[in-house]
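Read through the structure below, which is laid out as C-alpha cells, and then see the notes.
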Amino acid sequence: MNHYTLGIDFGSDSVRALIVSTETGEEMNASVHYYPRWKKGEYCQPADSQWRQHPLDYRESLTEVVLKVVNGVSEEVRRGIAGIAADTTGSTPVAVDRTGTPLALVPEFADNPNAMFVLWKDHTAIVEAEEINTLCHSWDTDYTKYEGGTYSSEWFWAKVLHVIRADAEVAKAAFSWVEHCDWIPFLLSGGTDVTEMKRSRCAAGHKALWHPEWGGLPPEKFLTTLDPQLAGIRERLFEETYTSDTVAGHLSREWADALHLPTGIPIMVGAFDAHMGAVGGQIEPFQLSKVMGTSTCDMLVIPADHPAASKTVKGICGQVDGSVLPGMLGLEAGQSAFGDVFAWFARLLSWPLENILSQDENLSPDLRKRMIDDAKSRLLPQLTEAAERLVPDGDIVAVDWFNGRRTPDADQRLQGAIAGLNLGSDAPRIFQALVESICFGARRIVTRFVEEGIPVEGIIGLGGVAQKSPYVMQTMADILNRPIRIVASEQTCALGAAMFAAVGAGLHPDVPAAVTAMSGGFSAEYSPNPELVAVYDERFRRYLMLGEAAEALAR
C-alpha cells in the first residue's frame, strides 16, 4: 500500500491543503480556501493596526479545503493518508476557556474582536511591548536574551497584555491563551482540556519568552510586576514544549467524519508557517531560507555542535533549539511588510478606478466591474515590465517599514518613507524604488547575521513572491550579492508540514530522511550581476540614511 500525508498551511488570507506521497514526494492534490469574514474586512481596523480573525474562519475554511483536496483524489490515496500536520501564522494567540475553546466561539463573545485570534501583524500592543522590554532589561534575568534583545508588539505576551487591559470581560473569561498553531492539532484531535494541549516549541521559544535556561516561561513574579492582571496565568499556560516531530493527538471521530478521512490518523505538534516552510524548502545549515509573501520570515539553522550555536544574535526574532529542524538551533528574522508593500501601492494607484470609474453612469454596472477588475489585474504586471527596463540609478529611494520593522531590532512604531521625488517621478520609478527597498531590508538582515558571527552562505527563496516575480528575485540577488535558489513546490509550507506528518506516521525515521524522500528540488536560480554590486552598495547607503531620518521622525 502506498502512503500519503496531509499538510495544512494557514496563511494570512487563506488556508491551503496538500496531499503528498511519502515515498516519492509527488504532490497528489492541492487546494486553497479564503477566509470569508476576513475577506470582507470584518473585525479589523487597519488605521489602528488592529487585525483580528474569527475562529470560525479557520474552522470552516479547514473543513472546506480538506474536503476539496480529499474528494479530488482516488479512494486508494484517501485511505492511504497516514499523517496530518499543520502550520499557521504567528504569533497569533487567542483567549480560550478551560476546554480550549476560543472565546469568540462562545455566544456572548461571538462578535467581540478581543475574543478572536490576534493576527501576527496586529500592532495594537506597541505600548505593552515597550513595557516588556523595559522590565526585561532591568530584571536580574533578561528574558529577551534569546529573542534578539527586543520584544515585539507582534508577539504573544504583548498581545495578551493589551487585550486583558482593553477588555475586562474577555480578561475575566479567559482561562488560558493559545497560539493558532497549537489550537489546530488540539481541535482536530478532539481535545477538551486546554491543560493537556501540547504546545509548540517553535511558538513558545520565538514568541513567548520560553527557554530552558530559566525553567520555561518567565516566573510569576516577573509577570505580576509587569501587570498584576497576569497573576495566575503562568500556571494555566504550559511548562513543556514539543518539536513538530512529536504526535500531538489523533484524528477524532467527529473530524474524521467531517473530512471524509479514517479516524485515528496521527496529528503532529504545530509550528509557524515559515518554520515548516523552511523544511519543505530543503533548508541547510547557514543557508538563509526566505519565505516571501505578505511579509517575510527568514530562517537559518545551525548544528548544535557548531561554535556559532553558542552565540546570541542581537536584533532577530529568536533562536530556539528544534524550532525548525529537531536537533538544530533555529534562528528567525524577517520583514513585517514585503508583498504587502506592493499591495499598498496597487491600492493607491487603484483609487480612481474604485472611486471614479465605479460611478460612471455611462457604463453598465457589469461593464464597470469588468473594466475595474481587468485594470487592477494588469496593474502590477505592467508596472513590473516598466520597472525592469529602468536602470538602478534614479534619485528615488524608499524605506520598507510600511508595517513597522520586524528585524533587525524590532520597532513597530516605524513607518515607510519615500524620498527623492520630483515632477518627473512616475509610477514605474516609484515601484522600482519600493522593490529595491524590500531587498535592502533583506540585506540589513543578512548584514546583521554576518556582523554577529553567523555566516550566510546562500539564499533559498520560497513563497508567492519568489515563485511569481523574477524581477524581484533578480533584484534581490543583485542587492544581496548572493545566488538565490527558488524552491519548485508552490506549496512549500504545506509540504514541510506533510514531511513532519510522515515522521509521525512512522514512514520516515526523522525529518531529514523525510526531506530527502519528499522534496521537489529547485525550479530556478538567480545569480547576482557583478556590474551592479557597486551601484547597489551606494543605493544601500542612501537607504540607510533615509532609514535613520525615518527613525528620528518616529521618536
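The values are calculated or read from the model by the stated rules, or taken from the named source; none is laboratory data. In this text, all values refer to a predicted model and were calculated from it rather than measured experimentally. We place every Cβ from the backbone using ideal geometry, glycine too, and count neighbours over all the protein chains shown.
The numbered conditions (1) of a type in the set (Phe, Trp, Tyr); (2) touching a residue at least 40 places away in the same chain (Cβ under 8 Å); (3) more than 30 Å from CYS202 (Cβ to Cβ) are all true for TRP351 except (2). Could you tell me whether ASP426 is closer than 29 Å to GLU531 by Cβ, in contact with a Gly (Cβ under 6 Å, 6 or more places away or on another chain) and surrounded by fewer than 14 Cβ atoms within 10 Å (Cβ to Cβ)? Against the criterion (closer than 29 Å to GLU531 by Cβ, in contact with a Gly (Cβ under 6 Å, 6 or more places away or on another chain) and surrounded by fewer than 14 Cβ atoms within 10 Å (Cβ to Cβ)), ASP426 does not qualify.
Consider GLY249 carefully, then state whether it is part of a strand (DSSP E or B), assigned by TED's automatic domain parsing to the domain that holds VAL77 and either among the hydroxyl-bearing types (Ser, Thr, Tyr) or more than 27 Å from ALA488 (Cβ to Cβ) (or both). Yes.
If the condition is being in contact with a Lys or Arg (Cβ under 7 Å, 6 or more places away or on another chain) and of a type in the set (Asp, Glu), then the stretch 513-555 contributes only GLU525. Are there any pairs, at least 6 apart or on different chains, whose C-beta atoms fall under 7 Å, with the first in the stretch 456-480 and closer than 10 Å to MET292 by Cα and of a type in the set (Val, Ile, Thr) and the second in a helix (DSSP H, G or I) and modelled with pLDDT under 95, and if so, which? Between residues of the stretch 456-480 that are closer than 10 Å to MET292 by Cα and of a type in the set (Val, Ile, Thr) and residues that are in a helix (DSSP H, G or I) and modelled with pLDDT under 95, the close pairs are VAL465/GLY339. Among helices (runs of 4 or more DSSP H) entirely within the stretch 446-512, having at least 1 residues that are β-branched (Val, Ile, Thr) and either in contact with a Lys or Arg (Cβ under 8 Å, 6 or more places away or on another chain) or surrounded by fewer than 24 Cβ atoms within 10 Å (Cβ to Cβ) (or both) singles out 464-468, 470-480. Would a scan of the stretch 374-382 turn up a residue that is touching an Asp or Glu at 6+ places or on another chain (Cβ under 7 Å), touching a residue at least 24 places away in the same chain (Cβ under 8 Å) and among the basic types (Lys, Arg)? Among the residues of the stretch 374-382, not one is touching an Asp or Glu at 6+ places or on another chain (Cβ under 7 Å), touching a residue at least 24 places away in the same chain (Cβ under 8 Å) and among the basic types (Lys, Arg), which makes the answer no. Of all positions in the stretch 268-286, none carries a residue that is among the hydrophobic types (A, V, I, L, M, F, W, C), crowded, with 24+ Cβ neighbours inside 10 Å, at pLDDT 95 or above and in contact with a Leu (Cβ under 6 Å, 6 or more places away or on another chain).
Restricting the search to the stretch 302-330, which residues are touching a Phe, Trp or Tyr at 6+ places or on another chain (Cβ under 8 Å) and either among the hydroxyl-bearing types (Ser, Thr, Tyr) or in a strand (DSSP E or B) (or both)? Once the filter is applied, which keeps residues that are touching a Phe, Trp or Tyr at 6+ places or on another chain (Cβ under 8 Å) and either among the hydroxyl-bearing types (Ser, Thr, Tyr) or in a strand (DSSP E or B) (or both), the stretch 302-330 yields ILE302, THR312, GLN319, VAL320.
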